[in-house]
Amino acid sequence: MTRLLRFLLFTSATLLVVGLIACLSTDPHGPGTAGFGGVCITIGLSMLVSIPVFNVLSALVTEIREREWPFAAATAAVVALLAYNVLQKIGH
Amino acid sequence: MLAGLAAGCLGAMLGLGGGIFLVPVLHRLVDVPFDTATSISLVTIIGTSSVVSLASAGRQFVNIRLAVVLQTLTVLGATIGSYIIEKNFLSGHTKGRIFGATALLVAIVMLSRLNRRNVIRDPKVDPGQLGGRFHDHDSGEQVVYRLRRLPVALGMSLSAGVLSSLVGVGGGVLIVPALNSWCGIPLRVAAATSALMIGITAVPGVIGHYQSGHLTQPVLAAAAVIGVLIGSRAGFWLGPRSGVRSLKILMAAILLIVAVEYLFVATQ
């Protein structure tokens, strides 16, 4: 799981760099977000934002594997609260 | 990008989100609208959190189990804070003063315990369910730490959640010194654990800002995040070379600036 998360972080950083260069080279006076650069930045930022969610899910899997039920319950509570807050924001 | 670099460096060394630093720079110097500056700051917080939790230099200090246990109370506190805001129980001045007074108190406690290391040099000692082990750069040995006063840690996480909702700052500025000064957690572990926590807390905020149309300058966000990613690496390099005592003094100085800002400047 750590490898997958590191890959996500690396890919996200690469997309952000590529997107930033593409946006700045397209319009050096006022960076626009349309086209290839904008798409790269949007995907890069989305991947970055997903990392903490995967981090908590990874912790949940670890606690369940180790049969540490009180900690698994606490982690599940964090996942549930996170999901609730995200869904609430999307609903707005 | 330079502001992101400084925020990432502080985040990796002290577990702060950097919002206290990044938002004023983007808002006042770069002339970015306040909501956009806040949304960019939240994205960079996730950047710092991701680097600290995944890079091998930071990962050994992250206590994921402790972070999750404290996170439940922080989220509950943030919900209570939102309720207080909805019901208008406190004026803006009162909220700022409560936060300023708390930051001042934590800074004084931190300065009074500068020499406390919170590490046990015998690696055979059982760290307990919420403690851990790591390689200590200062002594060059494997050391153990144990969590003390769990109710204090939980209470402080709850308070940090309430205050972060009320005044719009990450909880790291309170959680790191509290864990270090009162709960037996070494500063670097407290900082890395806090960095993981604030990343989790920031996710709904980023989505909310995106939905509300505040993330209008993704190019600036990308530049700030790249700065944070580079700054975090610099923080990992600087952290072990700075010594725990210097880091504590830096943390206390930041807390004092925050306290003065909220007690005297922001409330005028």
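Read-outs: derived from the displayed coordinates by stated rules, not from any lab. Since we're looking at a predicted model, the values are computed, not measured. Note: ideal-geometry Cβ built from the backbone for every residue, glycine included; neighbour counts use all protein chains shown.
Details
- Relative contact order of chain A, defined on C-alpha pairs under 8 angstrom at six or more residues apart (%): 25 percent
- Computed from Cα positions, the angle between helix B:150-167 and the longest principal axis of chain B comes to roughly 20 degrees.
- Springs between Cα atoms under 10 Å define the GNM used for chain B, and in it the highest mean-square fluctuation of B:Ala37, B:Ala252, B:Ala55 occurs at B:Ala55.
- Prolate/oblate/rounded label for the range B:151-249 (Cα gyration tensor, a/c 1.5): oblate
- The phi torsions of the range B:186-197, fed into the Karplus equation with coefficients 6.51, -1.76 and 1.60 and a -60° offset, translate into couplings of x, 4, 5, 5, 4, 5, 5, 5, 5, 4, 5, 4 Hz, rounded to whole numbers, with Gly and Pro shown as x.
- In the range A:38-78, the GluC sites (Glu not before Pro) that fall in loop regions by DSSP, at most 14 other Cβ within 10 Å: A:Glu66
- Helix B:244-260 and the longest principal axis of the C-alpha atoms of chain B enclose an angle of approximately 30°.
- In order through the range B:132-149: 3J(HN,Hα) via Karplus (6.51 cos²θ - 1.76 cosθ + 1.60), integer Hz, x for Gly, Pro: x, 10, 7, 7, 7, 5, 5, 9, x, 10, 6, 10, 10, 9, 10, 6, 10, 6
- Using a cutoff of 8 angstrom between alpha carbon atoms and counting only pairs six or more residues apart, the relative contact order for the range B:1-136 works out to 18 percent.
- Available extension along the chain between B:Gln211 and B:Ile85 is 43.3 nm, counting 0.36 nm per residue and deducting the alpha carbon span.
- Largest first, the extents of the alpha carbon coordinates of the range B:94-209 on the three principal axes equal 46, 33, 25 Å.
- Formal net charge of residues neighbouring B:Val62 (Cβ-Cβ distance under 13 Å; K, R +1; D, E -1): +4
- Whole-number percent relative contact order across chain B, with pairs defined as alpha carbons under 8 Å at least 6 apart: 39 percent
- Among B:Lys87, B:Lys95, sorting on how many other beta-carbon atoms sit within 10 Å of each Cβ, with the fewest leading, yields B:Lys87, B:Lys95.
- Based on DSSP H segments of at least four residues, each scored -39500 (n - 2.57), chain B has a per-residue ellipticity at 222 nm of -23000 deg cm²/dmol.
- Using alpha carbons only, the radius of gyration of chain B set against its Kirkwood radius gives Rg/Rh = 0.96.
- Whole-number D in µm² s⁻¹ for the protein assembly as shown, Kirkwood Cα-pair radius fed into Stokes-Einstein, 37 °C, 0.692 mPa s: 161 µm²/s
- Using alpha-carbon coordinates, inclination of helix B:172-182 to the longest axis of chain B, degrees: 30 degrees
- Mean-square fluctuations from a GNM of chain B, with a 10 angstrom spring cutoff on Cα atoms, peak among B:Gly231, B:Gly92, B:Gly47 at B:Gly92.
- Listed by Cβ neighbour count within 10 Å, with the fewest neighbours leading, A:Met1, B:Met197 appear as A:Met1, B:Met197.
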